[in-house]
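Reading through the C-alpha cells given below for one structure.
The values are calculated or read from the model by the stated rules, or taken from the named source; none is laboratory data. Please read all numbers here as calculations on a predicted model, not as lab measurements. Note that we place each Cβ from the backbone using ideal geometry, even for glycine, and neighbour counts take in every protein chain shown.
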C-alpha cells in the first residue's frame, strides 16, 4: 500500500517538463541529513553541511525553471528536542549560509522570506535573517520561504489567537471570518498554497508542516536522503506532478 505513494518517472530530463503546467509553489521537507551522515560513518553535522549543497542546487534549478515559490522546512518547533550541540551547529550553518549566499541570491533576483517564530533563534541568526530579507525584499523572481522554528499547529493556534484579538477589538466581524480571512493570519499570507510537497529519505508523513496549506497539495516521496537529492530528482517530481489530474474535490 505505502509503496504506491512513492512515485518514479521514466525520465527526469528538463526536456520532458511541460512548462505550461508548472507547479507555482513547491514545498520540500528536507529529511535524511543525519541518516546520510551515519551511512558514511560521519558526524550528523556533516550531513547538515552536505544538505546545504543540495539546497543550493534546488534553489538554482527552481529559479531556472520558473517556479514562483519554493518553501523549505529547515527547522521545526520540534527540532528543539535535539541535542544542544546539533542545534548550535544548525544555527551556525544558517548564519554561514546567509552570509555566503544572500548577495548571490539577490543578484539572481531571488526573494528570501522566513516562515515561523524567529524570535527564539540566536541573535546572530536573527540579524542575518533580517539582513537577507531586507536585501532581497524588492526582488521579483523566485520566492524562497525558509521555515524556521515553524510548526503547522503553532501557526494555526497563532492565527486563531490573533483573530480572537481582532474580533474583540472590533477590527474584524466574526460573521465574516472565512477561509480567505483565516489564511491572511498565517505566515503564508499572500502566498498560494503548495501545489506539490516533496519529502526525502523515505518517510511518509507531513511532520507538522503546512497543515492548513496542504489541503489539496500533491505529494511526492523518495527514499533518497536530502544531501543526495539533486535537480534530477526535483525534475522527476515535477514531471510526475504533471501526470496527475487535480480535481480539488470536483469532477473533470
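Please specify each residue of region 108-148 satisfying the condition of being assigned to a loop (DSSP other than H, G, I, E, B) and farther than 14 Å from residue 76 by Cβ. Result: 108, 109, 110, 122, 137, 138, 139, 140, 141, 142. Going by the structure shown, is residue 199 within 28 Å of residue 44 (Cα to Cα) and without any contact (Cβ under 8 Å) to a residue 24 or more places away in the chain? Spelling it out, it is not the case that residue 199 is within 28 Å of residue 44 (Cα to Cα) and without any contact (Cβ under 8 Å) to a residue 24 or more places away in the chain. Residue by residue through region 61-78, note down the ones that are farther than 15 Å from residue 210 by Cβ and touching a residue at least 12 places away in the same chain (Cβ under 8 Å). Residues satisfying the conditions are 61, 62, 63, 65, 66, 67, 68. Taking the criterion of being assigned to a loop (DSSP other than H, G, I, E, B) and within 20 Å of residue 17 (Cα to Cα), the residues of region 199-227 that qualify are 217, 222. The set of residues in region 136-148 being more than 12 Å from the chain's Cα centre (by Cα) and either touching a residue at least 24 places away in the same chain (Cβ under 8 Å) or under 19 Å from residue 91 (Cβ atoms) (or both) consists of 136, 137, 139, 140, 141, 142.
Taken over region 205-227, the criterion of being within 17 Å of residue 151 (Cα to Cα) and surrounded by fewer than 19 Cβ atoms within 10 Å (Cβ to Cβ) is satisfied by 205, 206, 207, 208, 211, 212, 214, 215. Would you check which residues across region 28-62 are over 19 Å from the mean Cα position of the chain (by Cα) and assigned to a helix (DSSP H, G or I) and list them? 35, 36, 37, 38, 39, 44, 45, 46 - these are the residues of region 28-62 that are over 19 Å from the mean Cα position of the chain (by Cα) and assigned to a helix (DSSP H, G or I).
Of the residues making up region 228-252, just one is part of a loop (DSSP other than H, G, I, E, B) and surrounded by 22 or more Cβ atoms within 10 Å (Cβ to Cβ), namely 229.
Given the criteria exposed (fewer than 14 other Cβ atoms within 10 Å of the Cβ), farther than 24 Å from residue 154 by Cβ, in contact with a helix residue (DSSP H, G or I) (Cβ under 9 Å, 6 or more places away or on another chain) and modelled with pLDDT of 95 or more, does residue 40 qualify? Criteria met by residue 40.
Return a yes/no flag: does region 206-215 have any residue that is more than 23 Å from residue 111 (Cα to Cα), touching a strand residue (DSSP E or B) at 6+ places or on another chain (Cβ under 7 Å) and modelled with pLDDT of 95 or more. Yes, region 206-215 contains at least one residue that is more than 23 Å from residue 111 (Cα to Cα), touching a strand residue (DSSP E or B) at 6+ places or on another chain (Cβ under 7 Å) and modelled with pLDDT of 95 or more.
Would region 150-162 turn up any residue that is in a loop (DSSP other than H, G, I, E, B), farther than 24 Å from residue 185 by Cβ, within 20 Å of the chain's Cα centre (by Cα) and touching a residue at least 60 places away in the same chain (Cβ under 8 Å)? No, there is no match, as no residue in region 150-162 is in a loop (DSSP other than H, G, I, E, B), farther than 24 Å from residue 185 by Cβ, within 20 Å of the chain's Cα centre (by Cα) and touching a residue at least 60 places away in the same chain (Cβ under 8 Å).
Checking each residue in region 63-80 for being part of a helix (DSSP H, G or I) and within 28 Å of residue 153 (Cα to Cα) picks out 77, 78, 79, 80. Restricting region 50-78 to residues that are out of contact with any strand residue (DSSP E or B) (no Cβ under 8 Å at 6 or more places or on another chain) and under 22 Å from residue 126 (Cβ atoms), the residue that is surrounded by the fewest Cβ atoms within 10 Å (Cβ to Cβ) is 78.
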